[in-house]
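Colleague: Just passing along the structure, written as C-alpha cells.
The values are calculated or read from the model by the stated rules, or taken from the named source; none is laboratory data. Everything quoted here is computed from the prediction, not taken from an experiment. All Cβ positions, even for glycine, are placed from backbone atoms using ideal geometry, and neighbour counts span all protein chains on display.
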Amino acid sequence: MPTKENTTIAPADGKLGILIPGIGAVSTTFMAGVEAVKRGLGEPIGSLTQLGTVRLGKRTEGRTPRIQDFVPLAKIEDLVFGGWDIFEDNAYQAAVNAKVLEPALLEKVREPLEAIQPMKAVFDQNYVKRIHGPNVKTGGSRMDHAEMLMEDIRQFQESTGAARLVMIWCGSTEVFHKPAAVHQTLKDFECGLQKNDPDIAPSQIYAYAALKSGVPFANGAPNLTTDTPALLELARARQIPICGKDFKTGQTFIKTLLAPGFKARMLGMSGWFSTNILGNRDGEVLEDPGSFKSKEETKLSVLEQILQPDLYPQLYGNLYHAVRINYYPPRGDSKEGWDNIDIFGWLGYPMQIKIDFLCRDSILAAPLVLDLVLFLDLAQRAGMKGIQEWLSFYFKAPMTAPGLYPEHDVFIQLMKLKNTLRWMRGEDLITHLGLEYYD
Ligand SMILES: NC(=O)c1ccc[n+]([C@@H]2O[C@H](COP(=O)([O-])OP(=O)(O)OC[C@H]3O[C@@H](n4cnc5c(N)ncnc54)[C@H](O)[C@@H]3O)[C@@H](O)[C@H]2O)c1
C-alpha cells in the first residue's frame with residue numbers, strides 16, 4: 001500500500017447507481033454490455049478502467065499494475081442502473097430498437113434490462129426538435145421539474161440501495177446556445193428556474209438536480225449544460241466533480257490521433273474535409289440545424305486548438321476545415337465517416353490522405369460511459385470537485401477552467417489521466433525525461 005497519497009480515497013463499498021437521462025443507443029449498449037460482462041458473455045473492450053495498466057516508477061522497476069488494482073474503483077458487479085426518457089420503452093425494448101447489439105445477446109440480458117423502466121423526462125421541444133414522446137413531466141415551472149428529478153433520484157437510491165450515485169447525460173443533442181444572463185450565477189440560475197426562463201435547457205435542469213443531490217455529473221453530448229458559471233459554482237460549492245462535453249468516439253477520435261502527428265513533424269495542412277452518414281436516432285436529431293450546430297462547434301474546435309495556427313501561420317494559417325453529418329437511415333448505428341486531408345511537406349509539395357472509417361458509434365461510446373462513471377465516482381470519493389480536466393481523454397470539447405484552452409492530443413490526455421492517478425496514490429509523476437538511465 002502506498003503511504004504518501006495526496007488524497008484520502010474512501011473505499012468503493014456498496015452499490016454504485018448510474019442515472020442516465022436518455023435511454024437510447026449509447027446508454028442501452030453500455031448497460032447491456034455491463035450485464036453481459038457480469039455474466040461472462042463478453043469482454044469490456046475499449047475500457048481503460050477494465051483493461052488498462054499504469055506504469056509506476058522507473059522502466060527498470062517492472063511495476064505495471066492494472067488501473068483497477070491501483071485505485072479503488074467500483075466493481076462492475078456493483079453497478080445498478082436507472083434513467084429517464086421521453087419514450088416509455090424499457091431498456092430492453094430500447095436496445096432492440098437501437099439495433100446495435102445482436103438479438104441473441106440481448107435475449108440473454110433481457111431480464112435486467114426489462115427492469116429498467118425510464119422515469120418521466122424533463123423535456124422541451126425547443127431544445128430537441130425532431131423527436132416527440134409521451135413520457136414527460138408536465139405542469140409546473142422548471143424549478144418544479146428540478147424538484148421532481150431530485151425526488152426521482154431519492155427514490156432510485158432508496159429502491160436500489162445504492163451507496164453512491166453518478167449521473168451521465170446520454171440524451172439527444174440539444175440545440176446550440178450560449179450562456180445567457182440566467183447562467184451567470186447560481187442565484188440567477190435558481191431565480192430563472194423559478195421564473196421558468198426559456199434559456200435554461202432540460203439538460204441543465206438534470207445537472208442542477210444531480211448537483212443539488214450531491215451526485216457527480218458527466219455530459220456525453222455537446223450541449224452547454226454544466227459549462228456555465230452558475231453550475232460550476234454549484235459543483236464547487238457542493239464539492240462535486242463534473243466533466244464533459246461530447247464523447248470522443250469516431251471521427252474526432254481519429255482526428256485527435258492524426259493531427260498531433262502532422263504537427264509533431266511540422267507538416268502543413270491546407271484542408272480537412274470530414275463527412276458522415278448515420279442512420280440512428282442521434283443522426284435524425286442532428287438533421288436539425290440547431291442540434292447540428294452544437295455538434296459542429298465541438299467537432300471544429302479540435303483542429304484549431306491542436307494545430308495552433310497563431311504559432312504556425314505558414315503551416316496552418318489557411319486551413320479549410322469542414323464537418324458534415326447526413327442522416328441516412330439504412331446504416332443505422334453503423335456510421336461511415338470519410339475524411340479527406342490535404343497536407344503539404346518540404347517546399348510546400350502537396351499530399352493527400354483519405355480515411356474511410358466504418359465504425360459503430362455506440363460500440364465505441366459504451367466503454368467511455370463505463371470509464372467515466374467509475375472515474376467520476378473515484379473523484380468524488382477522493383474529494384475532487386468541479387471540472388475534472390484529467391477526464392479530457394474522453395471528450396471532444398473538454399471542459400476547462402475559464403480562460404484555459406483545452407488539451408486535445410489524446411496521448412497528452414492519457415498522460416494527464418494516468419499522472420492524476422499516480423498523484424492520487426502518491427507515486428512519482430512520469431515525465432518521460434529518462435536521462436537517469438544514461439548516467
Ligand atoms: N455514439 C457516439 O459515438 C456519440 C459520441 C458523442 C456524443 N454522443 C451523444 O450521445 C447522445 C446519445 O447518443 P445516442 O446515439 O444514444 O442517441 P439516441 O437518440 O439513441 O438516444 C438519446 C435518447 O435521449 C432521449 N432524450 C432526448 N431528450 C431527453 C430528455 N430531455 N430527457 C430524457 N431523455 C431524452 C431520446 O428520446 C433518446 O431515446 C447524443 O447526444 C449523441 O450526440 C454519441
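Colleague: Could you please find all residues in the stretch 81-111 being closer than 24 Å to Leu51 by Cβ, out of contact with any Pro (no Cβ under 9 Å at 6 or more places or on another chain) and either in contact (Cβ under 8 Å) with a residue 12 or more places away in the chain or within 16 Å of the ligand (Cβ to nearest atom) (or both)? Working first, answer last.
Modeller: Pass one, the stretch 81-111, residues closer than 24 Å to Leu51 by Cβ: 81, 95, 100-102, 105-106, 108-109.
Among the residues that remain, those that are also out of contact with any Pro (no Cβ under 9 Å at 6 or more places or on another chain) are: 95, 100-102, 105-106, 108-109.
Listed by number, the residues that qualify are Ala95, Val100, Leu101, Leu105, Leu106, Lys108, Val109.
Colleague: Then there is this: Can you find a residue in the stretch 379-390 that is out of contact with any Phe, Trp or Tyr (no Cβ under 6 Å at 6 or more places or on another chain) and loosely packed, with under 15 Cβ neighbours inside 10 Å?
Modeller: Here is the first cut: in the stretch 379-390, the residues out of contact with any Phe, Trp or Tyr (no Cβ under 6 Å at 6 or more places or on another chain) are 379-390.
Those still in the list that are loosely packed, with under 15 Cβ neighbours inside 10 Å too: 383.
Checking the stretch 379-390: at least one residue is out of contact with any Phe, Trp or Tyr (no Cβ under 6 Å at 6 or more places or on another chain) and loosely packed, with under 15 Cβ neighbours inside 10 Å.
Colleague: Considering only residues that are within 16 Å of the ligand (Cβ to nearest atom) and either under 12 Å from Gly383 (Cα atoms) or not in a loop (DSSP other than H, G, I, E, B) (or both), which ones fall in the stretch 232-248?
Modeller: Here is the first cut: in the stretch 232-248, the residues within 16 Å of the ligand (Cβ to nearest atom) are 243-248.
Result: Cys243, Phe247.
Colleague: Identify, by number, the condition in (1) in a loop (DSSP other than H, G, I, E, B); (2) closer than 30 Å to Cys359 by Cα that Pro72 doesn't meet.
Modeller: That leaves (2) as the condition not met.
Colleague: Taking Gly46 as meeting all but one of (1) surrounded by fewer than 19 Cβ atoms within 10 Å (Cβ to Cβ); (2) in contact (Cβ under 8 Å) with a residue 60 or more places away in the chain; (3) away from the ligand (no atom under 16 Å from the Cβ), write down the number of the exception.
Modeller: (3)
Colleague: If we keep just the residues of the stretch 117-153 that are in a loop (DSSP other than H, G, I, E, B) and away from the ligand (no atom under 13 Å from the Cβ), which is modelled with the lowest pLDDT? Give the derivation first.
Modeller: Residues of the stretch 117-153 in a loop (DSSP other than H, G, I, E, B): 117-118, 122-135, 137-141.
Still in the list and also away from the ligand (no atom under 13 Å from the Cβ): 117, 138-141.
On the way: Gln117: 98, Thr138: 94, Gly139: 88, Gly140: 93, Ser141: 94.
The extreme case among them is Gly139.
Colleague: OK, next. Can you find, within the stretch 80-114, the residue that is farthest from His177 (Cα to Cα) among those that are touching a helix residue (DSSP H, G or I) at 6+ places or on another chain (Cβ under 8 Å) and in a loop (DSSP other than H, G, I, E, B)?
Modeller: Val109
Colleague: Sticking with this one: Condition (residue is in contact with a His (Cβ under 9 Å, 6 or more places away or on another chain) and within 23 Å of Gly46 (Cβ to Cβ)) applied to the stretch 303-324: is it met by at least one residue?
Modeller: Taking the stretch 303-324 as the starting set, the residues that turn out to be in contact with a His (Cβ under 9 Å, 6 or more places away or on another chain) are 303-306.
So of that shortlist, the ones also within 23 Å of Gly46 (Cβ to Cβ) come out as 306.
Within the stretch 303-324, one or more residues are in contact with a His (Cβ under 9 Å, 6 or more places away or on another chain) and within 23 Å of Gly46 (Cβ to Cβ).
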